[in-house]
1. Residue 138 to residue 3: extension gain in nm, 0.36 nm per residue of separation minus the Cα-Cα distance?
2. Summing -39500 (n - 2.57) over the DSSP H runs of n ≥ 4 in the chain and dividing by its residue number, what mean residue ellipticity at 222 nm do you reach, to the nearest 500 deg cm²/dmol?
3. What residues qualify as long-range amide H neighbours of residue 87, i.e. H under 5 Å apart, gap of 5 or more or another chain, H built at 1.01 Å from N?
4. Cross-link list 93/172; 77/149; 29/138; 104/160: which exceed 32 angstrom alpha carbon to alpha carbon?
5. What's the ranking of 9-22, 37-50 by average number of surrounding C-beta atoms within 10 Å, highest first?
6. With labels modelled as points extended 7 Å from the Cα through the Cβ direction, what inter-label distance (nm, one decimal) is found for residue 129 paired with residue 81?
7. If you stretched the chain out fully between residue 73 and residue 111, how much longer would it get, using 0.36 nm times the residue separation minus the C-alpha to C-alpha distance?
8. At 7 Å along Cα-to-Cβ for each site, give me the label-to-label distance between residue 160 and residue 43 in nm.
Amino acid sequence: MAVEHYMPDFALERAYDLTVTSLEKHGIKAVFVDLDNTLIAWNHPEGTPEMRQWLHELRDAGIRVVVVSNNNYDRVKRAVERFEIDFEARALKPFTFGIDRAMKRFGIQPNEVVMIGDQLMTDVRAANRAGIRSILVKPLIETDSIKTKPNRMRERRMMKRIIAKYGPIEYKTEI
Ligand SMILES: [Mg+2]
């Protein structure tokens, strides 16, 4: 497990901090966003006004937003249909299946898209494998569902290795 495979291009406090201006600055036309704990907190499935506002701003600017989630079709559909976002379920991150499907479906080139997620081991690894840029965000809530706990332990070990090699990751408010 090479550390650089898990190194994000950017780190942000929250997905909603990502502005249209900075996306345009980086030539990014599409945002692939992880669902659980990145776009929506698992204990807060209805989302927040802030999140809806962010989705509107991106869409108004012509930036395509696609949820790329490892969860199953029904679960992802139920979670995002009220927000009218496109999605790819069963993405199989850390592999590139979901990312590749979304790029193909919407005719997006690798240099035009960024993947946002809260996990190094899945979101960032999949983005790096697919040759697209990535943004690591802090999980929306610290207390995880039981399912992601083993992942979090691997996550912490990888973060230690990243810090040892590159120094601490600085979570910014802008990319
Ligand atoms: Mg997540």
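A short reminder: the numbers here are calculations on the coordinates, not readings from a lab. Nothing here was measured: the structure is a model prediction, and the numbers come from that model. A quick note on method: Cβ atoms are made from the backbone with ideal geometry, for glycine too, and the neighbour counts reach across all protein chains shown.
1. In short, 46.7 nm is gained.
2. Result for the chain, helices only: -10000 deg cm²/dmol.
3. Distant-sequence amide H within range of residue 87: 67.
4. Over 32 Å apart, Cα to Cα: 104/160.
5. Most protected by this proxy first, the peptides run 9-22, 37-50.
6. Roughly 3.0 nm, to one decimal.
7. Taking 0.36 nm per residue and subtracting the Cα distance, the gain is 11.0 nm.
8. 2.7 nm
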